[in-house]
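Encoded as structure tokens, the structure appears first; notes follow it.
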Amino acid sequence: MKLSAIFLGLAAYVSLAIAQSQEWGQCGGIGWAGSTTCVSGTACTVINPYYSQCLPGTASTTPPVITPTTTPTTPPSTGPTSTVSIPPSPTGTNSNALARAAGKLYFGTATDNSELSDTAYVAILSDNTYFGQLSPANSMKWDATEPEQGVFTFTGGDQIVNQAKVHGQIMRGHNCVWYNQLPSWVSNGGFTAAQLTSIIQNHCGTLVGHYQGQIWDVVNEPFNDDGTWRSDVFYNTLGTSYVDIALQAARAADPGTKIYINDYNIEMTGAKATSMLNLIKNLKSRGIPVDGVGLQCHFIVGEVPTSLQSIMQQFTALGVEVAITELDIRMTLPATNALLAQQETDYKNVISACKAVSGCVGVTVWDYTDKYSWVPSTFSGQGEACPWDANLQKKPAYSGITAAWS
Ligand code: XIL
């Protein structure tokens, strides 16, 4: 190669290295080797220790730290900082105590902020002999946490994290990247691949960085039921690389968090489960971080897949853990004694499958009571999917759960 060509290459490299970051571009953070200055009219703003971004506005000498809109009990810039230390195991014969005695991390439930003003509901929710883990049903989703670009609200998520912390319960973060409950500024923003990469990095990095030390559903529902990739703004702009980008950002933001991909209809042998198995193999072969697969398990009474345990074993054989993340088992209403008895058997079979697979770390029901289930408003004419009824009384399904853990 001629000396002039080497010089030209070097000059291009140098000019690239000193170029200012564009609006919304990255301008700092642990591991960042690019430019730390922003184009005029934008300011380099610390989003979290791993990510600073050029946000519209005037530069100040000290980049401001974006803080939550409320003041949680822990320092607001980082949010709750507990690590995934396993809480002491409760004793007794309730659902979480039995799950722990069976060697699992938790038996847990989804909950939502609006439910936390129901004192009878909260009394059961707070009892860690019943529940050792909480999932926020809505308040950590994209529309709730970054409704406008670069504007983060942690209020709802912090409330649920604090509810869990006070009662010695583990949190599952849910979720970073999903086609649904996605603000239109993301879905209709017309972003380039580079811009959307930065947006995903910022969103996942900020969320996982804020809610430190949790388990996270980083990618939610990436596949269609036929096993093809879901066509959404992430896939359509970035192809499958959006999964890598989200997982890597989550890992960088909190190396102590277990990072998962979560989906439904992967609980039985078929095209969708095969696609998820292939994705995990592919990620592992390329060294992309992934710790677990979440099987949602939104089932129908009498139709719990018989291949559930074998599917979980196929995932754990690839070197990831699994969790049952959103269990409910719905029926066509009205409920009958026969349907409730079948539901008891169904819950027992699902818990037994997790119990039998050493890499299955725990089971979460998608709210413990029919009072707050998402099922009736989503599946017309169906309901009664949870182990406690709408009056907060245990159903036969609860006995199925405890029988299986015992
Ligand atoms: C549901 C919530 O429970 C509802 O309150 C909301 O209206 C819609 O989303 N799969 C998921 C969850 O991953 O986030 C969904 O939660 C249920 C299906």
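The values are calculated or read from the model by the stated rules, or taken from the named source; none is laboratory data. Just so you know, these numbers come straight off a predicted model, no measurement behind them. Neighbour counts run over all protein chains shown; Cβ positions are idealised from the backbone, glycine included. The protein model used for the area step is the full one, side chains on, heavy atoms only, and it has no ligands, DNA or RNA in it. Shrake-Rupley method; radii C 1.70, N 1.55, O 1.52, S 1.80 Å.
Restricting attention to region 210-221, report how many residues are surrounded by fewer than 23 Cβ atoms within 10 Å (Cβ to Cβ) and away from the ligand (no atom under 16 Å from the Cβ).
The number of residues fulfilling the criteria is 2.
Residues THR67, THR153, THR111: which one is at pLDDT 95 or above and either surrounded by fewer than 21 Cβ atoms within 10 Å (Cβ to Cβ) or not assigned by TED's automatic domain parsing to the domain that holds TYR368 (or both)?
Checking each option against the conditions leaves just THR153.
Considering every residue within region 274-289, establish whether at least one is open to solvent by 30 Å² or more (accessible area, probe 1.4 Å) and under 17 Å from the mean Cα position of the chain (by Cα).
To start, the set of residues in region 274-289 that are open to solvent by 30 Å² or more (accessible area, probe 1.4 Å) comprises 274, 278, 281-282, 284-287.
If we keep only those that are under 17 Å from the mean Cα position of the chain (by Cα) as well, we get none.
Within region 274-289 (the criterion being open to solvent by 30 Å² or more (accessible area, probe 1.4 Å) and under 17 Å from the mean Cα position of the chain (by Cα)), the answer is no, since none of the residues qualifies.
Conditions (1) surrounded by 17 or more Cβ atoms within 10 Å (Cβ to Cβ); (2) over 23 Å from ILE351 (Cβ atoms), marked per residue:
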{"site": "ASN138", "(1), (2)": "yes, yes"}
{"site": "THR145", "(1), (2)": "yes, yes"}
{"site": "ALA164", "(1), (2)": "yes, no"}
{"site": "GLN169", "(1), (2)": "yes, no"}
{"site": "GLY173", "(1), (2)": "yes, yes"}
{"site": "GLN181", "(1), (2)": "no, yes"}
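I'd like to check something: does region 316-330 contain any residue that is open to solvent by 30 Å² or more (accessible area, probe 1.4 Å) and either in a helix (DSSP H, G or I) or of a type in the set (S, T, N, Q) (or both)?
Pass one, region 316-330, residues open to solvent by 30 Å² or more (accessible area, probe 1.4 Å): 316-319, 321.
After this cut, where a residue has to be either in a helix (DSSP H, G or I) or of a type in the set (S, T, N, Q) (or both) as well, the list is 316.
Looking for residues that are open to solvent by 30 Å² or more (accessible area, probe 1.4 Å) and either in a helix (DSSP H, G or I) or of a type in the set (S, T, N, Q) (or both), one finds at least one in region 316-330, hence yes.
Scanning for something under 15 Å from the mean Cα position of the chain (by Cα), surrounded by fewer than 20 Cβ atoms within 10 Å (Cβ to Cβ) and more than 16 Å from the ligand (Cβ to nearest atom), does region 256-263 turn up at least one residue?
Residues of region 256-263 under 15 Å from the mean Cα position of the chain (by Cα): 256-263.
Adding the requirement that they be surrounded by fewer than 20 Cβ atoms within 10 Å (Cβ to Cβ) leaves 256.
Narrowing further to those that are more than 16 Å from the ligand (Cβ to nearest atom): 256.
Checking region 256-263: at least one residue is under 15 Å from the mean Cα position of the chain (by Cα), surrounded by fewer than 20 Cβ atoms within 10 Å (Cβ to Cβ) and more than 16 Å from the ligand (Cβ to nearest atom).
Would a scan of region 122-145 turn up a residue that is more than 16 Å from the ligand (Cβ to nearest atom), touching a His at 6+ places or on another chain (Cβ under 6 Å) and not assigned by TED's automatic domain parsing to the domain that holds TYR368?
No, region 122-145 contains no residue that is more than 16 Å from the ligand (Cβ to nearest atom), touching a His at 6+ places or on another chain (Cβ under 6 Å) and not assigned by TED's automatic domain parsing to the domain that holds TYR368.
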